[in-house]
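J.: Mind looking over this structure? Questions follow.
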Amino acid sequence: MKLVKKIMRKIMLVLEIALVIVLAWSAYVSCASYHYLKEYGYGKGEIPKVLAVYYHLSDGFTLKSNKDGSSEFIGNADFSYYQDTWKPKRYQCVDREGQDLFFETKVGTPKPKQFEISTTKKSCHWFGIYLMSNGQTIENAKE
């Protein structure tokens, strides 16, 4: 019984240390992200969502939708991540020109649609800010 308690204490200690490391890293990412968010004109309210994107719990979130049908969103810092994001919605990436991804519905879809994801110059190590065209939002990727 004493051996089991000893082993359990060691396991708990390792888990506690891991939790402290994760919390410290999350605090660092939050502070650094806030610096960039503030520089780009956004506030503290986006930090939890940025952490969700950083830890791959979210594909991204829309910051604003423009009258011309485009939307601006914060997403994964790795731009190529979005090439496969739209496959479940029957879209395929048909072209990549520099920092733009072009999508269209797969053959056999009743109403063909197209849209584009473009990078902006606003980014950091933890996230990127992108533009989407033709009324698409990043939230539509998982609906």
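J.: If packing is taken as the average count of other Cβ atoms within 10 Å, what order do 41-54, 21-34 fall into, highest mean first?
T.: Working: 41-54: 15.4, 21-34: 13.4.
The packing order, highest mean first, is 41-54, 21-34.
J.: Also, quick follow-up: Under a plain spin-label model, where a point goes 7 Å from the Cα along Cα-to-Cβ, how far apart in nm are S118 and M12?
T.: A separation of 5.7 nm, rounded to one decimal place.
J.: What is region 42-143's relative contact order, in percent, from Cα pairs under 8 angstrom and six or more apart in sequence? Could the numbers behind the result be given before it?
T.: Working: 187 pairs, mean separation 30.2, N = 102.
It comes to 30 percent, rounded to a whole number.
J.: In square angstrom, rounded to the nearest 10, how much accessible surface does F115 have for a 1.4 Å probe?
T.: For F115, the solvent-accessible surface is approximately 10 Å².
J.: Moving on to the next point. Test of understanding: what is the full-extension gain from Q83 to E139, defined as 0.36 nm times their sequence separation minus their Cα-Cα distance? Write down the numbers at each step before the final one.
T.: On the way: separation 56, 0.36 × 56 = 20.16 nm, distance 1.52 nm.
Additional length available on full extension: 18.6 nm.
J.: For the chain, what % of the accessible area comes from carbon and sulfur atoms, probe 1.4 Å?
T.: Values: 5520 of 9300 Å².
For the chain, the apolar C and S fraction of the accessible surface comes to 59 percent.
J.: Using the charge dipole of the chain (Lys, Arg: +1 at Cβ; Asp, Glu: -1 at Cβ; taken about the Cα centre), state which of Q92, S118, L37 has its Cα farthest towards the positive end.
T.: Positive-most Cα among the choices belongs to L37.
J.: Using only Cα atoms and rounding to the nearest 10 degrees, what angle (0 to 90) does helix 2-39 make with the longest principal axis of the chain?
T.: In the chain, helix 2-39 runs at an angle near 40 degrees to the longest axis.
J.: Right, here's the next one. Can you give the relative contact order of region 1-93 as a percent, counting alpha carbon pairs under 8 Å and 6+ residues apart? Show your work: numbers first, answer last.
T.: Numbers: 53 pairs, mean separation 12.5, N = 93.
Relative contact order comes out at 13 percent.
J.: Roll a 1.4 Å probe over the protein chains and send me the accessible area per residue for region 1-122 in Å².
T.: Working: 8330 Å² over 122 residues.
The answer is 68 Å² per residue.
J.: State to the nearest 20 debye the size of the charge dipole of the chain about its Cα centre, where the only charges are +1 on K and R beta carbons and -1 on D and E beta carbons.
T.: Values: 20 positive and 15 negative charges, 188 e Å.
Here the size comes out at about 900 debye.
J.: Now for a separate question. Calculate, in nm to one decimal, what S26 and Y40 gain on full extension: separation in residues at 0.36 nm each, minus their alpha carbon distance.
T.: Details: separation 14, 0.36 × 14 = 5.04 nm, distance 2.06 nm.
Taking S26 through Y40 to full extension adds about 3.0 nm, to one decimal.
J.: Right, next: Sorted by accessible area (1.4 Å probe), largest first, how do D84, D59, D100 line up?
T.: Numbers: D84 95, D59 20, D100 40 Å².
Highest to lowest solvent-accessible surface, that is D84, D100, D59.
J.: Could you tell me which residue out of A77, L3, F127 lies farthest along the dipole of region 1-132 toward its positive end? Charges go on the beta carbon: Lys and Arg +1, Asp and Glu -1, centred on the Cα centre.
T.: Result: L3, furthest along the dipole toward the positive end.
J.: Taking a 29 Å limit on the Cα-Cα distance, which of the listed pairs K5/K49; K44/K67; K6/K49; K44/K89; K64/K87 fall beyond it? Provide the component values of the computation, followed by the final result.
T.: Numbers: K5/K49 39 Å; K44/K67 25 Å; K6/K49 39 Å; K44/K89 32 Å; K64/K87 24 Å.
Those over the limit are K5/K49; K6/K49; K44/K89.
The values are calculated or read from the model by the stated rules, or taken from the named source; none is laboratory data. Since the structure is predicted, the reported quantities are computational estimates derived from the model, not experimental observations. Ideal geometry is used to build each Cβ from the backbone, glycine not excepted, and the neighbour counts take in all protein chains shown. Just the protein is used for accessible areas: all its heavy atoms, side chains included, with ligands, DNA and RNA removed. Shrake-Rupley method; radii C 1.70, N 1.55, O 1.52, S 1.80 Å.
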